[in-house]
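Take a look at the structure below.
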Amino acid sequence: MDLASILQILESTIRLSTPLLLACLAGLFSERAGIFDIGLEGKMLAAAFFSAAVASMTGSVWLGLLAGIAASLVLSGLHGLASITFRGDQLISGVAINFLAAGMTVLIAQDWFRQGGRTPSLPSDARFNPITLPFADRVADVPVLGPVYSDLMSGNSILVYVAFLAVPATWWVLYRTRFGLRLRAVGENPAAVDTAGVSVVALRYAAVGICGVLCGIAGAYLATSLQAGFVKDMTAGRGYIALAALIFAKWRPWYALWSCLLFGVLQAVALRYQNIDLGSLVIPVQFMDALPYILTVVILAGFVGKAIPPRAGGQPYVKER
Amino acid sequence: MEKMPAWADVVLIPLISLILAAAISALVILFIGESPAEALNLMVTGALGSTYGWGYTLYYATNFIFTGLAVTVAFHARLFNIGGEGQAMIGGLGVAVACLYVPWPHWSLALVAACISGAVFGAAWAAIPAWLQAKRGSHIVITTIMFNFIAAAVLNYLLVNVMRPTGSMDPATERFAETIHLPTLHELLAPFSIAFSKAPPANVSFLVAILACVAVWALIWRTRLGYEIRAFGHTETGAVYAGISPVKIIVVTMLISGGLAGLMGINNVMGEAERLVLNATEGAGFIGIAVALMGRGHPAGVFLSAILFGFLYQGGAELALWTSIPRELIVVIQALVILFTGALDNMVRMPLQQVFAALRRKEST
C-alpha cells in the first residue's frame, strides 16, 4: 500500500470518525451523570433530518445546524422527562426515542418534500464545506508531512474541528471544573451530591442537555457535511457504534477519541476494500462491519481490561423523605 | 404510595397509554393534512374488514406473539432482552437449515423439525449474552444490541457467500421443497367450508403461536422454574437466599427467550417466504418490546397486543397504499406505545394512584 492510499483511508477515517466521536462524547456526558442513553441513534437521526430540511428551505447551513440541535434537544428533553422526572426505565425510553425519530423523520420528510422520505439534495452553499488551513497549499509538496498537513488536517469541514476540539473540552469540563466533578459524582453516588445540597435533577438535566447538543451537531454533520441531504435511516447504526465506542473507551474522553478513530478506520477500510485478501485467508466485508460490535462484546466480557460503568447508571434517583 | 386495584394495573393503565398514543398519532395525521377518522376507518376496513385483511393481520400477529413472548419471559427475570431481532434472524436461519438440507416427506414433520431447529438457533444466539451477563456481569441490553448487528452481518455473509444458489444474484437461499409448504389459513379452513382468502400468508404457525402462549403461561405460573424466574425477577437477593442460582436463572431464562424469538422463523421464513431472505424479520423483534410492554407480562395480554400490532401493521400498509401517509406511521405509533407503557409509565400511574387513593379516603369517611 502506498502513501497515497494510506492517506485516502486516513482522510475517510477522519470524516467517518467525526459523527461517532460527537455522539460518543454526547453519550459520555449523559452516562457519566447516571443516565444511560441508547437513544443516541434517534437523536442523531432527528438532527440530521431537521438540519438538512432547514438548510434546504432557508439556504443557510447555520440555521440548519441550529434546527438540528433543537430537534435533538427536544428528544433529550423527552428522555429527561421519562428517566429523570418520571423515573422510568432509561433503556426503554431510549428504544422509544429511536423509533420515534425513525418514524417521524420519514413522515415529516414525506409531508414537506414529497420525495419518498428524503430531503432535496443540498446545494454546495447550504452545506458545511471544507476549510483550507493556512499554508496548506504551500507545504503540500513537502514529503510526507506536506500531504499529511494539507490533505489530512486541512480541508475538513468546521464540524470536524469542532468534534476533535470537543475531546479536550470534555476532558477539561469533566475533570477540571466544579460542574464536571458534580456531574461525575451524580453518576456514581447521587445521594452524596444531594446531601451536599446540589440538585441531582438539575445536574442530570444539564448532562442530558449537553448530550442533546452534541448529538445535534453529529446529526447535522451527517446530513450537511458528510452527505448532501437527509435520506431515510441515514444514521445506519452509528448511534450504536458510538455507544460501543463509549464502552470501549470505558467512559473516558481521550479513550473515546481513540476508540472512535479505531471504529472509523474499520468503517473506512470496509468502505474501500470489499473483501480483504490476505493470500490464504479472505476477510469478508461483513466481518469488518461486525468488528466494532464484536470488539465491544469482548470488552464488556472483561477479558481485555474491565469496563466498569458509572455506578448509579440506569437507576432513577429517589430523594429520601 | 397506596396500591391500586389489580384490574386498574392490568386494564386501565395500558388502555390509557394506548389512548394517549392514539391521540398523539391522530395529531400527527392531522399535522400532515389527512383526516384521522378517515385513516382509522381505512385501517379497520383494510385490516379487519375482510378475510384478506384478517389473514395479513394474523400473519403479522403471529410474528409479534413469538417476539412478544420472548421479551415477556425475560422481563419476568428482570432481564431486558432487546436482542429478539437478532435471535429471530438466526432462528430463521435454523428453520432454513432444517427445511433445506433434509428431504421431509410431509410438512408436519418438517414443521416439528423447523420448530426445534429455529428455537435451538435462537437460543444459541441468546446464550452468549446470557452467559456474559451471568458470569461476567456484562450488561445484557448492550450485548444483545451488539448481537443484533452481528447476527445481521452473519446472515448477510451466509446468504451472499454460502447459501445463495449458484447463478443467482439475489442474496437468498433457494426455495424450500413443495412438500413442506405449510398450510395457510385458507387451506386449513376449507374443510370446514369456511371461505378464507387465499392470498394472505397467515398459516398454521398461528396455531403454534397460540400453543406457545399457553406453554409460556404454564411455565411462568405452573412450574418450579417459572416460580424461580419470578422470584429472581422480584428480588434477586431474596431468591439467592432461597437457594436459587442467579447464573442458572439468567442463562435458562435467556435460552427460553431466545428460543421463542427463534421460533418466529417458522412463520416468516417457512410459512411466508418459503426461503431465507435478507432482513426477513423486518423489525418484528423490536415490536416484541412494545407488545410485551402492552401485554403486561401475561401471555394473554401478549396475544391481544400482538393482534393489535398486527392490525396496526396491516392497517398501516393499507394507509400507505391509499393515502399520503407513509408506512412509518406505525413506527411512530410503536414508539409512542413503548414510551407511554414503558418509559412514561409513572406519568400515567401517579395521577391514577392519587385518584384511587382519594376514592378510598371518601369511602372510609
Practice task
Could you grab me the full set of residues in segment A:84-108 that are more than 7 Å from every other protein chain (Cβ to nearest Cβ) and touching a helix residue (DSSP H, G or I) at 6+ places or on another chain (Cβ under 6 Å)?
Solution key: A:Ile84, A:Gln90, A:Ile97, A:Asn98, A:Ala101, A:Thr105
Practice task
Just one of (1) more than 14 Å from every other protein chain (Cβ to nearest Cβ); (2) surrounded by fewer than 24 Cβ atoms within 10 Å (Cβ to Cβ); (3) over 18 Å from the mean Cα position of the chain (by Cα); (4) touching a residue at least 40 places away in the same chain (Cβ under 8 Å) trips up B:Leu255, so point out which.
Solution key: (3)
Fill in the blank from the handout: Of (1) small (Gly, Ala, Ser); (2) closer than 14 Å to A:Gly229 by Cα; (3) touching an Asp or Glu at 6+ places or on another chain (Cβ under 6 Å), A:Gly68 fails just (3)
Practice task
Quick one: B:Leu321 ticks every box in (1) more than 13 Å from chain A (Cβ to nearest Cβ); (2) at pLDDT 90 or above except a single one, so which number is it?
Solution key: (2)
Handout entry: Odd one out for B:Ala292 among (1) in contact with a helix residue (DSSP H, G or I) (Cβ under 6 Å, 6 or more places away or on another chain); (2) of a type in the set (Gly, Ala, Ser); (3) free of Cβ contacts under 8 Å to residues at least 60 places away in the same chain
Key = (3)
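Could we say that A:Phe113 is in contact with a Phe, Trp or Tyr (Cβ under 8 Å, 6 or more places away or on another chain), of a type in the set (Phe, Trp, Tyr) and within 14 Å of chain B (Cβ to nearest Cβ) here?
Numbers: in contact with a Phe, Trp or Tyr (Cβ under 8 Å, 6 or more places away or on another chain): no; of a type in the set (Phe, Trp, Tyr): yes; within 14 Å of chain B (Cβ to nearest Cβ): yes.
No, not satisfied.
Out of curiosity, is B:Ala123 hydrophobic (A, V, I, L, M, F, W, C), touching a residue at least 60 places away in the same chain (Cβ under 8 Å) and surrounded by fewer than 24 Cβ atoms within 10 Å (Cβ to Cβ)?
Working: hydrophobic (A, V, I, L, M, F, W, C): yes; touching a residue at least 60 places away in the same chain (Cβ under 8 Å): yes; surrounded by fewer than 24 Cβ atoms within 10 Å (Cβ to Cβ): no.
Answer is no for this residue.
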Practice task
Return a yes/no flag: does segment A:204-223 have any residue that is without any contact (Cβ under 8 Å) to a residue 24 or more places away in the chain, closer than 21 Å to A:Leu28 by Cβ and either crowded, with 23+ Cβ neighbours inside 10 Å or of a type outside the set (S, T, N, Q) (or both).
Solution key: no
Exercise for the section: Restrict the check to segment B:165-172 and report whether at least one residue is in contact with a Leu (Cβ under 9 Å, 6 or more places away or on another chain), over 27 Å from B:Ala306 (Cβ atoms) and buried (at least 16 other Cβ atoms within 10 Å of the Cβ). Expected result: yes
Exercise for the section: Determine if segment B:84-103 includes at least one residue that is more than 14 Å from every other protein chain (Cβ to nearest Cβ) and of a type in the set (Ser, Thr, Tyr). Expected result: yes
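Which residue out of A:Ile299, A:Ile283, A:Ile308 is within 12 Å of chain B (Cβ to nearest Cβ) and over 22 Å from B:Phe149 (Cα atoms)? Show your work before the answer.
Working: A:Ile299 fails: over 22 Å from B:Phe149 (Cα atoms); A:Ile283 fails: over 22 Å from B:Phe149 (Cα atoms).
So the residue among A:Ile299, A:Ile283, A:Ile308 that is within 12 Å of chain B (Cβ to nearest Cβ) and over 22 Å from B:Phe149 (Cα atoms) is A:Ile308.
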Handout entry: Residue within segment A:116-132 that is within 14 Å of chain B (Cβ to nearest Cβ) and either surrounded by fewer than 18 Cβ atoms within 10 Å (Cβ to Cβ) or among the polar types (S, T, N, Q) (or both) present
Key = yes
Handout entry: Boolean, B:Pro326 is within 13 Å of another protein chain (Cβ to nearest Cβ) and exposed (fewer than 13 other Cβ atoms within 10 Å of the Cβ)
Key = no
Handout entry: Among (1) of a type outside the set (S, T, N, Q); (2) under 12 Å from the mean Cα position of the chain (by Cα); (3) not in a helix (DSSP H, G or I), the one test that A:Gly34 misses
Key = (2)
Completion exercise
Wholly inside segment B:145-236, helices (runs of 4 or more DSSP H) that include 2 or more residues that are away from chain A (no Cβ under 14 Å), of a type in the set (Gly, Ala, Ser) and farther than 22 Å from B:Ala110 by Cβ are B:224-234
Exercise for the section: For B:Leu111, indicate whether it is in contact (Cβ under 8 Å) with a residue 60 or more places away in the chain, in contact with an Asp or Glu (Cβ under 8 Å, 6 or more places away or on another chain), more than 9 Å from chain A (Cβ to nearest Cβ) and closer than 18 Å to B:Leu263 by Cα. Expected result: no
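When you check B:Phe286 against the structure, is it aromatic (Phe, Trp, Tyr), within 13 Å of another protein chain (Cβ to nearest Cβ) and under 30 Å from B:Leu100 (Cα atoms), yes or no?
Numbers: aromatic (Phe, Trp, Tyr): yes; within 13 Å of another protein chain (Cβ to nearest Cβ): yes; under 30 Å from B:Leu100 (Cα atoms): yes.
When the stated conditions are applied, B:Phe286 passes them.
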Problem - Count of residues meeting criterion [modelled with pLDDT under 90 and either of a type in the set (Lys, Arg) or under 11 Å from the mean Cα position of the chain (by Cα) (or both)] in segment A:1-31 - result: 0
Problem - Checking A:Tyr255 against (1) surrounded by fewer than 18 Cβ atoms within 10 Å (Cβ to Cβ); (2) more than 27 Å from A:Ser72 (Cα to Cα), the condition it does not meet - result: (2)
Exercise for the section: Report whether or not B:Leu308 is over 27 Å from B:Val73 (Cβ atoms) and either more than 14 Å from chain A (Cβ to nearest Cβ) or at pLDDT below 90 (or both). Expected result: no
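It is to be established whether one or more residues within segment B:102-120 are within 30 Å of A:Asp37 (Cα to Cα), modelled with pLDDT under 95, of a type in the set (Gly, Ala, Ser) and not in a loop (DSSP other than H, G, I, E, B). Walk me through how you get there before you give the answer.
So the first thing to find is which residues in segment B:102-120 are within 30 Å of A:Asp37 (Cα to Cα), and the list is none.
The answer is no; no qualifying residue exists.
The values are calculated or read from the model by the stated rules, or taken from the named source; none is laboratory data. Remember, predicted model here, so these are calculated numbers, not experimental data. Quick reminder, even Gly has a Cβ in these numbers, built from the backbone with ideal geometry, and neighbours come from all protein chains shown.
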